[in-house]
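Structure incoming, see below.
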Amino acid sequence: MENNFIIENLLQQDEGVRLEFKSQFNIEAIAKTITSFINTRGGDLVIGITEEKKVVGIENAEQAVTLIQNALVNLIKPTAPISVQTINYKKKDIILISVWEGAKKPYQYKGVIYNRIGQTTKTTDPEKLTSLISERKDADFHWERMPVLGAELSDLDIDEVKRTIRLYKEYKLETNIEDIEDFLIQVGLIQNGNITNACITLFGKNPIRFIPQSRIRLTLYPSTKSEDSFLDDNIFEGNIFKNIESIFNHLDIVYGKKLSVKDVLRYDRPNYPLLAMREGVLNAIVHRDYNSVKGFLQISIYSNRTEISNYGGLPNGITIDDLKVEHNSILRNPDIAQICFYRKYIEMLGSGTLRMINDCRKSKFKPPKWKEIGNTTTVIFPGVAHNRKIEGITEGITEGITEGITKSVLINVEGITEGITEGITSDVKDKLNKILLILYKHGGIRTGEIESRIDVPYKSIERYIKQLKDAGVIEFRGANRTGGYYLTSEVEREITK
């Protein structure tokens, strides 16, 4: 069915260090193999297909999946992301179990450590155990696990942490979490009493205060090339989960939706391959090199394509051609990836690029292409493009804001911003104009209400509000909890004269 293409891809490969076929359901054998995968290079275990690749299927597969998931999650120590699912292939139910290479080696099942040698699962010998422990020590000095000096629990978005705890409890049923701090310690986001870089990136209220390179930029260009001029330019400065939500809300506006009706019911379908784009953005977030102050993540939308570029080349041993087939997934930021998995942003392990290719084809777009230049990796989505023109973009966004406002008011607003915005782009001037027009019509509203009326991220609006306040154009009136922004009296007189 939906994921048949993954089984087809696996059947084209031979069993080895990352792949094994089993014809029968046996918890003990499954757990040993999965533990060995986690301790080695990750991999896929396919149950219901023989070593000779004959499809025999598994009876009561859904029930078996529940048993497998609970056993693996609760008996393999420490806890690791494990994806277990049923795929109906050639009218038979197949169970696919996928895991990443673990970041907290060595892993053990019932107190025994296993590793993978070729096609075989073996008990770890003393020499290999020493190597696994050495890898664990090296991982503890990874950028993700470095302390963020000065960061406190109050710097975290507690609501996002609580959402993660709820989903983590669904994943690991037999877990005991005392409070938020205890959870962060259990998943490694507090190390030696210190909040880590990964924790701030995932859950920070204002992560750029500590990690400025965590910003994400999304730019619309009027043609097929990057230019000094652009149609729209947005900077997303929130934590990972806030950024993902804001980016896809923005993409829905940029690409638009198609309306279709089936059996009297209305359906809105995005004008872009949503699953593929989601995988592309998540891959960039999870694999980007946050360690460098030069690190960036750029989403560029042209008139003929979309590109997602992030600082951080492909890991050693992975090539562009590998991305087109099932391949070893080497995580640059395993702690971030693990939390994204618990949050169900990553639904299957190690098959993201395959799913991108498949979704583009299903959505009638050309398959994505990848390129690597220096330390930058880019995925290109041909044909996933905007259809906006420079003349029309302002009209589309401001429709409804200027309704009922006289031409003289519009001209006076532009005159005010001309006087305070020397040296900045026309795009920023346009956004300042929109904010002033909103406050002219709806004085007394707050930043969140302004965000709901124009397509600009909350953090960007905060920045523009500060600029307008500093210039004496707007002011905040009332108590902190109940007040709002107004045009100053002088500016209101100037606009309406």
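The values are calculated or read from the model by the stated rules, or taken from the named source; none is laboratory data. From a predicted model like this one, the values you see are computed outputs, not experimental measurements. Note that we place each Cβ from the backbone using ideal geometry, even for glycine, and neighbour counts take in every protein chain shown. Side chains are part of the model used for accessible areas, which takes the heavy atoms of the whole protein and leaves out ligands, DNA and RNA. Shrake-Rupley method; radii C 1.70, N 1.55, O 1.52, S 1.80 Å.
Of (1) under 28 Å from K110 (Cβ atoms); (2) open to solvent by 70 Å² or more (accessible area, probe 1.4 Å); (3) in a loop (DSSP other than H, G, I, E, B), E62 satisfies all except one. Which?
(3)
Continuing with the same structure: Which condition does E101 not pass, out of (1) open to solvent by 30 Å² or more (accessible area, probe 1.4 Å); (2) more than 30 Å from the chain's Cα centre (by Cα); (3) in contact (Cβ under 8 Å) with a residue 40 or more places away in the chain, if it passes all the others?
Against the list (1) open to solvent by 30 Å² or more (accessible area, probe 1.4 Å); (2) more than 30 Å from the chain's Cα centre (by Cα); (3) in contact (Cβ under 8 Å) with a residue 40 or more places away in the chain, E101 comes up short only on (2).
Then there is this: Among the residues of the stretch 65-78, which ones are of a type outside the set (D, E, K, R) and surrounded by fewer than 19 Cβ atoms within 10 Å (Cβ to Cβ)?
From the stretch 65-78, those of a type outside the set (D, E, K, R) are 65-76, 78; that's our starting set.
Once the filter is applied, which keeps residues that are of a type outside the set (D, E, K, R) and surrounded by fewer than 19 Cβ atoms within 10 Å (Cβ to Cβ), the stretch 65-78 yields T66, L67, Q69, N70, A71, V73, N74, L75, P78.
When you scan the stretch 363-371, do you find a residue that is touching a Ser or Thr at 6+ places or on another chain (Cβ under 7 Å), modelled with pLDDT of 70 or more, assigned to a loop (DSSP other than H, G, I, E, B) and closer than 26 Å to Y311 by Cβ, even just one?
no
Please enumerate the residues belonging to the stretch 1-41 that are of a type in the set (G, A, S) and surrounded by 24 or more Cβ atoms within 10 Å (Cβ to Cβ).
Our first condition is that a residue be of a type in the set (G, A, S); within the stretch 1-41, this holds for 16, 23, 29, 31, 36.
Answer for the stretch 1-41, where residues must be of a type in the set (G, A, S) and surrounded by 24 or more Cβ atoms within 10 Å (Cβ to Cβ): just S36.
Would you mind finding the one in L432, L487 that is among the aliphatic types (A, V, I, L, M) and more than 26 Å from F248 (Cα to Cα)? Spell out the reasoning first.
Numbers: L432 fails: more than 26 Å from F248 (Cα to Cα).
Selected residue: L487, the only one of L432, L487 that is among the aliphatic types (A, V, I, L, M) and more than 26 Å from F248 (Cα to Cα).
Does D14 satisfy the condition of being part of a strand (DSSP E or B) and of a type outside the set (A, V, I, L, M)?
Working: part of a strand (DSSP E or B): no; of a type outside the set (A, V, I, L, M): yes.
When the stated conditions are applied, D14 does not pass them.
Identify the residue in the stretch 109-138 that is open to solvent by 40 Å² or more (accessible area, probe 1.4 Å) and touching a Phe, Trp or Tyr at 6+ places or on another chain (Cβ under 8 Å) and, among all such residues, is farthest from E51 (Cα to Cα).
Across the stretch 109-138, the extreme among qualifying residues is T123.
Which residue is nearest to L75 (Cα to Cα), if the candidates are limited to the stretch 139-170 and must be aromatic (F, W, Y) and open to solvent by 30 Å² or more (accessible area, probe 1.4 Å)? Give the steps one after another, and end with the answer.
Going through the stretch 139-170, the residues aromatic (F, W, Y) turn out to be 141, 143, 168.
From what is left, the residues that are open to solvent by 30 Å² or more (accessible area, probe 1.4 Å) are 141, 143.
Numbers: F141: 27, W143: 29 Å.
The extreme case among them is F141.
List every residue pair whose Cβ atoms sit under 6 Å apart, with the two residues 6 or more apart in sequence or on different chains, where the first one lies in the stretch 479-497 and is closer than 18 Å to N433 by Cβ and the second, anywhere, is open to solvent by 80 Å² or more (accessible area, probe 1.4 Å) and at pLDDT 80 or above.
Qualifying pairs under 6 Å: Y486/R477.
If K104 satisfies all but one of (1) more than 20 Å from Y171 (Cβ to Cβ); (2) at pLDDT below 95, what's the number of the condition it fails?
(1)
Can you go through E8, E28 and tell me which one is over 22 Å from Q108 (Cβ atoms) and among the charged types (D, E, K, R)? Break it down stepwise before answering.
Working: E28 fails: over 22 Å from Q108 (Cβ atoms).
Being over 22 Å from Q108 (Cβ atoms) and among the charged types (D, E, K, R) holds for just one of E8, E28, which is E8.
Between K32, K90, K110, which is more than 19 Å from F341 (Cβ to Cβ), at pLDDT 95 or above and charged (D, E, K, R)? Write out each step before concluding.
Working: K90 fails: at pLDDT 95 or above; K110 fails: at pLDDT 95 or above.
Exactly one residue qualifies, and that residue is K32.
Then there is this: Tell me yes or no: at least one residue of the stretch 176-191 is surrounded by 12 or more Cβ atoms within 10 Å (Cβ to Cβ), touching an Asp or Glu at 6+ places or on another chain (Cβ under 7 Å) and either free of Cβ contacts under 8 Å to residues at least 40 places away in the same chain or basic (K, R) (or both). Write out each step before concluding.
We begin by selecting, within the stretch 176-191, every residue surrounded by 12 or more Cβ atoms within 10 Å (Cβ to Cβ); these are 177, 180-191.
Imposing the further condition that a residue be touching an Asp or Glu at 6+ places or on another chain (Cβ under 7 Å) reduces the set to 188-190.
Within this subset, residues satisfying the condition of being either free of Cβ contacts under 8 Å to residues at least 40 places away in the same chain or basic (K, R) (or both) are 190.
The answer is yes, given that some residue of the stretch 176-191 is surrounded by 12 or more Cβ atoms within 10 Å (Cβ to Cβ), touching an Asp or Glu at 6+ places or on another chain (Cβ under 7 Å) and either free of Cβ contacts under 8 Å to residues at least 40 places away in the same chain or basic (K, R) (or both).
Continuing with the same structure: Has the stretch 437-445 got at least one residue that is on the phi > 0 side of the Ramachandran plot and at pLDDT 85 or above? Break it down stepwise before answering.
Keep residues of the stretch 437-445 that are on the phi > 0 side of the Ramachandran plot, which gives 444.
With at pLDDT 85 or above added as a condition, the list becomes 444.
Yes; the residues of the stretch 437-445 include at least one that is on the phi > 0 side of the Ramachandran plot and at pLDDT 85 or above.
Oh, and also: Determine if the stretch 320-333 includes at least one residue that is open to solvent by 30 Å² or more (accessible area, probe 1.4 Å), among the β-branched types (V, I, T) and either under 20 Å from L10 (Cβ atoms) or modelled with pLDDT of 90 or more (or both). Before the answer, list the steps.
Taking the stretch 320-333 as the starting set, the residues that turn out to be open to solvent by 30 Å² or more (accessible area, probe 1.4 Å) are 320-322, 324-325, 330-332.
Filter again for among the β-branched types (V, I, T), leaving 320, 325, 330.
Next, from what is left, pick out any that are either under 20 Å from L10 (Cβ atoms) or modelled with pLDDT of 90 or more (or both): 325, 330.
Yes: the stretch 320-333 contains one or more residues that are open to solvent by 30 Å² or more (accessible area, probe 1.4 Å), among the β-branched types (V, I, T) and either under 20 Å from L10 (Cβ atoms) or modelled with pLDDT of 90 or more (or both).
T378 passes all but one of (1) modelled with pLDDT of 90 or more; (2) surrounded by 20 or more Cβ atoms within 10 Å (Cβ to Cβ); which number fails?
If we test T378 against (1) modelled with pLDDT of 90 or more; (2) surrounded by 20 or more Cβ atoms within 10 Å (Cβ to Cβ), just (2) comes out false.
Which of the residues belonging to the stretch 42-60 are within 21 Å of P81 (Cβ to Cβ) and in contact with a Ser or Thr (Cβ under 9 Å, 6 or more places away or on another chain)?
The initial filter retains those residues of the stretch 42-60 that are within 21 Å of P81 (Cβ to Cβ), namely 42-47.
Of everything in the stretch 42-60, those that are within 21 Å of P81 (Cβ to Cβ) and in contact with a Ser or Thr (Cβ under 9 Å, 6 or more places away or on another chain) turn out to be G42, G43, D44, L45, I47.
Quickly run through the stretch 455-497 and pick out the residues that are farther than 24 Å from N239 by Cα, surrounded by 12 or more Cβ atoms within 10 Å (Cβ to Cβ) and hydrophobic (A, V, I, L, M, F, W, C).
Correct list: L468, A471, V473, I474, F476, L487, V491, I495.
So, in the stretch 134-175, exactly how many residues are part of a loop (DSSP other than H, G, I, E, B), among the aliphatic types (A, V, I, L, M) and more than 12 Å from N194 (Cβ to Cβ)? I'd like the intermediate steps shown before the answer.
First, pick out the residues of the stretch 134-175 that are part of a loop (DSSP other than H, G, I, E, B): 140-142, 146, 148-152, 157, 172-175.
Going one step further and asking which of them are among the aliphatic types (A, V, I, L, M), we end up with 146, 148-149, 151, 173.
Retained after the next criterion (residues that are more than 12 Å from N194 (Cβ to Cβ)): 173.
Going through the stretch 134-175 one residue at a time, the tally reaches 1.
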